[in-house]
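Following: one structure in structure tokens, then a few remarks.
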Amino acid sequence: MTSPTCRLRLSTSPHLHAGAAVPQWMLHSVIALLPVTLFAVAVFGLAALATITVAILACLLAERACAAPSALDDGSAMLTGLLLGLSLPPALPLWMVAVGGFVAVAIGKHLFGGLGGPVFHPALVGRVILQAAFPTAMAQAWVTPLAPGRVSELPATSLAQPFMSPTAPYDGLSGATPLTATKAGEAGAPTADLWLGIVAGSVGETSAVLLLLGGVYLAIRRMIDWRIPVALLGTVAALSALLHGLDAERHPEVWTALGSGGLMLGAWFFATDPGISPTTRRGAWIYGLAIGALVVVMRQFSGHVEGVMYALLLGSALTPHIDRWTRPRPLPKGVER
């Protein structure tokens, strides 16, 4: 009778594989964003298509310049460009879009070590730098949704030459976004239009319904941690309801707060990036709650119309600390070694 043999396999961590590689994760993210991308092109026309295309091409070019050619195969640069393009105003000069895309990958991604290394989402880095460098264009380059001629011609501002003033004033082709109007004490867009996306705004931030469906798709596919958007949106809903109850004229109602600005895009597609979000379940709840609270505070009590971008950056900065606070203990509390 022979004794059973046991093979001991030695390997480096991680020892468990989720079954999904990086290209798969990127592919499912692009699929989830496809409906809102097509919708944005239908609503804003060539302006949206050109903005998204230039952002993607700039990110791919930066990836090719900063890394080996094989780095393009994982799809991360394309997804970064798509997210950046969706977060920008449709009539932003295209040379500014190209600058933002190149900066997002070259600085936001590769300066921090490449894929998996950045502390902040690369697309957010690109957008923040554009916001700091070109605040006027970022605040006014909106396009009226479903405008006549949107599919046959580009806004004059899109074709502005680098470092030159646009050939047409931004105010000549734009209207205030719902958040801008609300902040100014004016009547905002109807809540139904906000959720459907028939409002002025960034390219892919207008249709809250399509962004929500895309996020749910990723959660069902287990590509993201559902606790993060649930905690984030739940916090925004709870605080908005409280503030609206205290002062209905100054603070918007819950459904308006949830459906406006870049909240849905940020909650489902930026905050859930595995490279910048906590790794523990408790950490995911804390992280989402912190970002949601920051969004409400910035929107309602700061000089910024939209606080999602800065709330996401601050939340990402907290991630290493949240991971340290919530990491599992080797032994349960109270058990002696």
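The values are calculated or read from the model by the stated rules, or taken from the named source; none is laboratory data. A quick note: this is a predicted structure, and the numbers were derived from the prediction, not measured. Cβ: placed from backbone, ideal geometry, glycine included. Neighbour counts: every protein chain shown. What goes into the accessible areas is simple: the full protein's heavy atoms, side chains included, and nothing from ligands, DNA or RNA. Shrake-Rupley method; radii C 1.70, N 1.55, O 1.52, S 1.80 Å.
At a glance:
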| quantity | calculated |
| --- | --- |
| Positions within the stretch 34-45 being open to solvent by 60 Å² or more (accessible area, probe 1.4 Å) and over 16 Å from the mean Cα position of the chain (by Cα), in sequence order | Leu38 |
| Failed criterion for Pro278 (all others in (1) over 23 Å from His28 (Cα atoms); (2) open to solvent by less than 20 Å² (accessible area, probe 1.4 Å) hold) | (1) |
| Single residue of Val199, Val230 found to be modelled with pLDDT of 95 or more and either out of contact with any strand residue (DSSP E or B) (no Cβ under 8 Å at 6 or more places or on another chain) or in a helix (DSSP H, G or I) (or both) | Val230 |
| Meets criteria (in contact with a Phe, Trp or Tyr (Cβ under 9 Å, 6 or more places away or on another chain), closer than 20 Å to Tyr310 by Cα and modelled with pLDDT of 85 or more) for Val97 | no |
| Residue count for the stretch 315-330, restricted to those that are surrounded by 15 or more Cβ atoms within 10 Å (Cβ to Cβ) and out of contact with any Lys or Arg (no Cβ under 8 Å at 6 or more places or on another chain) | 6 |
| Residue list for the stretch 61-82, restricted to those being without any contact (Cβ under 8 Å) to a residue 40 or more places away in the chain and open to solvent by 30 Å² or more (accessible area, probe 1.4 Å) | Arg64, Ala68, Pro69, Ser70, Leu72 |
| Checklist (1) on the phi < 0 side of the Ramachandran plot; (2) surrounded by fewer than 21 Cβ atoms within 10 Å (Cβ to Cβ) applied to Gly114, failing item | (1) |
| Considering residues of the stretch 247-272 that are more than 15 Å from Val308 (Cα to Cα) and in a loop (DSSP other than H, G, I, E, B) only, the residue most open to solvent (accessible area, probe 1.4 Å) | Glu249 |
| Residue match in the stretch 283-302 (condition: crowded, with 24+ Cβ neighbours inside 10 Å and not in a helix (DSSP H, G or I)) | no |
| Pairs where the first residue, in the stretch 209-230, is more than 23 Å from Ala293 (Cα to Cα) and the second is of a type in the set (Val, Ile, Thr) and open to solvent by less than 60 Å² (accessible area, probe 1.4 Å), C-beta under 8 Å, 6+ apart | Leu210/Val36; Gly214/Val36; Leu218/Ile224; Leu218/Thr272 |
| Residue list for the stretch 261-286, restricted to those being over 22 Å from Leu33 (Cβ atoms) and of a type outside the set (Lys, Arg) | Pro278, Thr279, Thr280, Gly283, Trp285, Ile286 |
| Residues of the stretch 46-60 satisfying the condition of being surrounded by fewer than 20 Cβ atoms within 10 Å (Cβ to Cβ), in contact (Cβ under 8 Å) with a residue 40 or more places away in the chain and within 21 Å of Pro145 (Cα to Cα) | Leu46 |
| Scan of the stretch 87-118 for residues that are of a type in the set (A, V, I, L, M) and within 21 Å of Gln24 (Cα to Cα), ordered by number | Val105, Leu115 |
| Filter result (acidic (Asp, Glu) and either under 20 Å from Val128 (Cβ atoms) or touching an Asp or Glu at 6+ places or on another chain (Cβ under 7 Å) (or both)) within the stretch 253-299 | Asp273 |
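Quick grid of which residues meet (1) modelled with pLDDT under 95; (2) under 30 Å from Pro190 (Cα atoms); (3) more than 16 Å from the chain's Cα centre (by Cα); (4) not polar (S, T, N, Q):
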residue	(1), (2), (3), (4)
Gly234	no, yes, yes, yes
Ser240	yes, yes, yes, no
Arg250	yes, yes, yes, yes
Leu258	yes, yes, no, yes
His304	yes, yes, yes, yes
Leu313	yes, yes, no, yes
Ser316	yes, no, no, no
